[in-house]
Structure formats: C-alpha cells, structure tokens
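Let me begin by presenting the structure, written as structure tokens, before commenting on it.
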Amino acid sequence: MVSISTLRRTGGLADGQTAKAGLVACVFLSALPTVRLSAQGDVDRLAFRFASMTAVTGLEQAMVDSLRALFPGSTRDQAGNVTLTLGQGSPKRLFTCPLDEVGYVVGNILPDGFLLLRRVGGGGGGRTASPLFDQQLEGHRVTVFGARSAVPGVVAVKSTHLTRGRVATGAGAPDPVFTVDNAYVDVGASSAAEVQGLGIAVLAPVSLAKRPQLYGERLLAAPAAGRRAACAALAAAVQAKPKVKGTVVVAFTVQSLYASNAGLASVKARLGPFDDIKTAALPARYADTAAETVALADADRLVREIRQWMEGR
Amino acid sequence: MRAVVAATALLTALPACRLAAQDSTRIAEAQAVLAPLVESYGVSGAEGPVREAVKRLLPAWAVPSTDTAGNLVVRVGQGDPVVVFIAHLDEIGFRVTGIRDDGALELETRGGFFPSLFEAKPALVHTDQGDVAGVFLPRDSGFTRRTPPPLRVSVGTASRAATMARGVSPGQTVTMPKQYIRLTGTRATGRSFDDRVGSAAQLMALRRLDRAALKHQVVFIWSVREEIGLEGAEAAAASLGTTPRRVYAIDTFVSADSPLELPSFAVAPIGRGAVARALDNSSVTPPAYVDSLVQVARARGVALQVGTTNGGNDGSVFTPYGVVDVPIGWPLRYSHSPAEVIDLKDVVSLADMIRAVAETW
C-alpha cells in the first residue's frame, strides 16, 4: 500500500514528468551545509557537497532534485535519472555517473520509539557489501530522512562499562561482527507515536550522518567519496561549458546498485543508441567505509579528461 | 589546511545547538553550558581546552585555581565540615606513541572503550598548533571479527618526515570530530557527555548557589585523568587529606535504558532525574547517606533515582582518608561511544541536586 508519506518522498504524483522538487528538496537541503553551488565548476566544492548528500539506492530523489537545480534544462526521467543533452548531431555519445549508495531504510518502528533498519543494496548483483559494512553504524550518528525534515538519531551500542564481567575477552572468545539486525536507531523518542510525529515512517531513508573530512593534500574522506567525487568531476566538466562534438548526453543515474543497474539501462533504452558510452570513476582508498578517501587531484584530471572526450579531442 | 578543516567542520554542521521551541529556561540554560564543554576536546592528560572552557563559564565571583595535577578548584564559603564536589574534565581517546615509516600514527588507548567504534572514521590529532585532520585506518583483513587490530591514523602523508612536518609528534592526543546535537524533545547526543554533564552541572549549581546560605566550606573540583585511573582525584584527595567530611563524585550513571542491555541492574531511565549511584565498582555509599540524599531531594522537589551501576568514581579515592563518598550521577545511554545520549532534564535535576546538597547538607 502506498502511503501519503511515500508520495511526498517522490515530490509529487508517482508518474508526473513535471514533478516539483518541493517538499523533498526542502527536506534534503535542510540537512545539508549551505555551500552555494556556483556555475564556475569548483570541483573541490562540488565533491564536498556531493559527499555530504545521501542517495540510498532507489531513493535518490533528493539528490536528483539538487542536481536538477544545479543544471537548469536538465530533466528527470521516470526511473529518476537526471539527464542533460549538450550539442547536437552525430556522433551521439553518453557520459554517465551513478549517484546511488548502499544505505538503509526504516524497516520497523517499535512501540518504545526505537527504529529498526533494512539495508538497501550491497546484497549481491556484483557489489556485495563487506561483512563489516553494517558495523560502521554501531554507536554512530545517523540521519533519518523523514517526510518533514532530516531527523538526527544514533544507533545504539552496548555501554562498555556494562559489559565488564559479562563478556569473555580472551583469545578465541566470540567476537561477532555487528549486523544491521542489531541496529536500533534512537532519535530520542519514547513511543511510536512520537516517531510518527517527526514524519518518520517505514521506508524512510537512513544513512550515517555525512561529515566529509578534508585532510592531507586535498584528500576527501566520506562514505562513497569516490563515486561522489567522480560525479562532481562530471558536473564540473559540464559547468565549464565544453565545445561538444556532436551530441553528448550527460546522465546522473540511479539504481546502479539494484535491479541490474536499472537507471543506466533505462537511459540507454530511452535515449540511445549511443556511439560511445563512458562512466565517470575515480580510484578510492578504504572503499566502502566511512573514511573512503579520494584524491581531489585525481578529480581535477578526470575533469580534464571528460572535457577532452566531450570535445572529441 | 587547518582553515579548510575548520571550514569543513563548520559547513557540515547540522543545526547542532538549536533550541527547541518548547525548551524551558532551565533546559536552555543546561544546553548553553553543556554544548561548549562537549565540543571541547580533552583526552586524559590533555584537558587544557576543557579546563579553559569551564573557566569561561564560571560565575564572575568565582576565583578558580589550578593545582599541580591540573585539577581546577573553586572554594566557596567557610568553616567545617568541608565537603567536596568533583566532576572530571577528561574524555576517552588515544595518544600517539610513534610514527611509522609510511607516515601513519601508532596509538595507545586512553580509557576503556570499543576500538571498533573508531575504525575507518575521521580523526583529529590535537597538536599545539591546532587540530590536524586524518582518518582512522580500516583493517587490512580479519573481517570475521568485530574488534580490529590496533588502530592507526593516517594524516594523508606517506613518510614520517611528512607527518612530522604537519606538526604531529608522539605524545599528542587523538580523537574523532564531535558535535553536540539535539534529538527529539529534551534529548541530545554527542561524545564525552561523560563527564561534561557532571562538569556542566557543577557550573550550573555554582551559578545559582545561595552563598549566604552555606553553613560550611564547599570545594568544587574539576578533575583530570579520571578515565585512566582517577589520577587527578588521587592528587586532590592527598592534598585535602582528612579535612573533608563528604565527597560527592558527580559522574555518569551508566544506564541499562537501551534495548541492547540486560535489565538486571543499572536501571535508571533517561529523563527521570539524577541518580544516587549507591553502588558501583569502586565504592558503596553507606545506606544512611543514600537516605539523606533522598531526603534532600524530596525537600527541594528534585527528581532523584537510586541505583547501582558499573564503573569507578573519583570520590572513591577520598575514602582512605575517612571521607564518605556519596556519588551522584545522571543516566547515560551508550557510554564511551561517539553517540552517547542524555536527557537535558537530568542535567537540570543534577544541578539542582548539587545546589541543594551544598546549601542544606
């Protein structure tokens, strides 16, 4: 059954081609730093901004709306992809970047106000999450994207003091990893009604609180930093207004981690065929962790390579 | 780079210290005192920033002094019997023990906690010239175990020399970035509520204290190095000797108010007031003193729970001098984690309890 809150998350009627960003954008933007996106294509700023965003696979609407605001003239297709057509004529080429990330949704709301989670993505399809992926939640702050606002919460962890004298810690003692089934989210509520009063319902997206960290020489650490910096490079290349050879379709795609990369497949089916297809990607250290690190110097190089490709050089 | 780090921290801030529309004056006061303490860094042995934050928040009339151990002390009133309130300034974290050839930092823990909570998370190295950003490195292997091998930190360098050029050296402390964040209602989350809440409550009590009502001298201490063995309190206790009659350790009551905890003890729900920490791993409060505490609370209309939990408290090192330890806490969820949760109502209750005890007992 589709609830009102589900419709709200999509920003309008489910199949509306002209759906407004409206409420969803407000929800999303209220949770973000107020970094103004200039048209000058500052890849550092874009990478930082994108790394601050949350786009749980299949639930990327908020980031999509943000990208549409960044690129006037872009469109959102039925799958949720953001596409922008540059130039005209042939050859007709496609440059893509996947937006989405492995994340969570609220799976259940308990009578005492705690939330339980279901992971979305990372369960197969060529991209299986590490056994430690869910452990990153334990004892950390998360953001629950409710229908009215981004709600801060934390994932419960045992108090270290109360384990004393109860858990064997010697060599060979059981030391099981933390799994999503143990992830009780505490938003400070004491009842299910209080949770619902915050605009939180089953299926609300949830992610680790995003606080990208710049360190070293232009290193950016954040969950999914590699993907986000690659998308930032593509966005910066487009903002630089390249002299495109033929037609280049730029697509920021959804659901790359689910349903056989349905977002990209949809773009190909609707806007193809294409003479050439490229996907933005950057090498990342500590992949799939909250400290995933990308070198922004690599993003600079990617911007140049994308522009050269678009210009047919 | 440090400017960038600072900007990063600023720009990523959620509406951290928002005042909820329904906040009472007291809740707003508790938040105003607590938030800057929580957002100060002070691993055991490096409590300077927190001590300075406490000094800034003292009432104008208070004359603080710092003893040789680093404890901050404020004395109020005159005469016997002297009573002592003590809350600790320090927080758990790491200390740099070495710098590897590849530039990564080797660490030792300061205090007890689950190291997995820091693995693959942002890091801050606290240097004399400011904070240097980095990351706690994820393990290379060992996916089947929850606990990682000893943690290391990268500050984004590839050699020992490059790391040292950033001002990093052995002996410095390491934590992760933290923020005070309001949750729903009167609840809040952050790291190092243990024992910034105690420190804040002492400040709030001092601000409202009726000094003319005091019948004896009251010594307020903000202690150092509690998490690594009550070291600051030991120095204070030795200095005061047999002079005090009672010591009130103002510290966390680690609560089982969580779906992950056993309800066999430590049952003090958050939001229901301060807690007489009548039995822990370091001390047992004589029952008559627990009764007196309850009596004071009732007389003043202050919410007070009574319970038993784990952990030690600063007051316990005063007992060899014949001083009675009467620990008072507040309930805390998820202790020693980056996501501790409190209820601000309990901070108010704790402050009122301290004031009531100082003025009437």
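For this structure, a couple of remarks:
- Carbon and sulfur %, accessible surface of the range B:259-352 computed with the full protein complex present, 1.4 Å: 56 percent
- With a cut-off of 20 Å on the backbone N, the residues of the range B:75-98 near the modelled label site 7 Å out from B:Asp210 along Cα-Cβ are B:76-81, B:83.
- Using the rule -39500 (n - 2.57) for each DSSP H run of four or more residues, divided by the residues of the protein assembly as shown, the 222 nm mean residue ellipticity is -8000 deg cm²/dmol.
- Loop chymotrypsin sites (Phe, Trp or Tyr not before Pro), the range B:20-103, which have at most 15 other Cβ atoms in a 10 Å radius of their Cβ (DSSP): B:Trp61
- Within the range B:25-130, trypsin sites (Lys or Arg not before Pro) in DSSP loop having at most 15 other beta-carbon neighbours inside 10 Å: B:Arg100
- Kirkwood Rh, angstrom, the protein assembly as shown [1 / mean 1/r, Cα pairs]: 26.4 Å
- Farthest toward the positive end of the dipole of the protein assembly as shown, out of B:Pro244, A:Gln88, B:Val324, is the Cα of A:Gln88, where the dipole comes from beta carbon charges about the Cα centre.
- Choice from B:Thr309, B:Thr157, B:Thr175 showing the highest fluctuation, given a GNM over chain B with Cα pairs closer than 10 Å: B:Thr157
- A full extension of the chain between B:Thr66 and B:Gln78 corresponds to an added length of 2.4 nm, given 0.36 nm per residue minus the alpha carbon distance.
- Solvent-accessible surface of chain B, averaged per residue with a 1.4 angstrom probe and all protein chains in place: 35 square angstrom.
- Other-chain or far-sequence residues with amide H under 5 Å of A:Glu311's (modelled H): A:Lys245
- Accessible area buried between chains B and A, both sides summed, probe 1.4 Å, in Å² to nearest 100: 5300 Å²
- The dipole here belongs to the range B:104-231: it is taken about the Cα centre, uses +1 on the Cβ of Lys and Arg and -1 on the Cβ of Asp and Glu, and is about 460 debye.
- Cα shape, the range A:233-297, gyration tensor, a/c 1.5 rule: oblate
- Label zone (B:Arg100, point 7 Å along Cα-to-C-beta; backbone nitrogen cut-off 20 Å) within the range B:167-194: B:167-176.
- Solvent-accessible area per residue for the range A:152-288 (1.4 angstrom probe, square angstrom): 40 Å²
- Taking B:Ser349, B:Ser116, B:Ser40 as the candidate residues, the one with maximal mean-square fluctuation in a Gaussian network model of chain B, Cα springs under 10 Å, is B:Ser116.
- Computed over protein heavy atoms with a 1.4 Å probe, the carbon and sulfur contribution to the accessible area of the range A:164-313 reaches 52%.
- Segment B:Gln129-B:Phe265, extension gain: residue separation times 0.36 nm, minus the distance between their alpha carbons: 44.5 nm
- The dipole here belongs to chain B: it is taken about the Cα centre, uses +1 on the Cβ of Lys and Arg and -1 on the Cβ of Asp and Glu, and is about 700 debye.
- Pairs beyond 25 Å (Cα-Cα), from A:Lys241/B:Lys121; A:Lys92/A:Lys243; B:Lys178/B:Lys345: A:Lys241/B:Lys121
- Heavy-atom accessible area, 1.4 Å probe, ligands and nucleic acids excluded: residues of the range A:205-229 down by at least 30 Å² from chain alone: A:Arg211, A:Gln213, A:Leu214, A:Tyr215, A:Gly216
- Selected from B:Leu230, B:Leu117, B:Leu262 as most flexible by GNM, with chain B as the system and alpha-carbon contacts under 10 Å: B:Leu262
The values are calculated or read from the model by the stated rules, or taken from the named source; none is laboratory data. Quick caveat, the model's predicted, so the values are computed rather than measured. Glycine gets a Cβ as well: all are built from the backbone with ideal geometry, and neighbour counts include every protein chain shown. Surface accessibility is based on the protein's heavy atoms, side chains included, excluding ligands, DNA and RNA. Shrake-Rupley method; radii C 1.70, N 1.55, O 1.52, S 1.80 Å.
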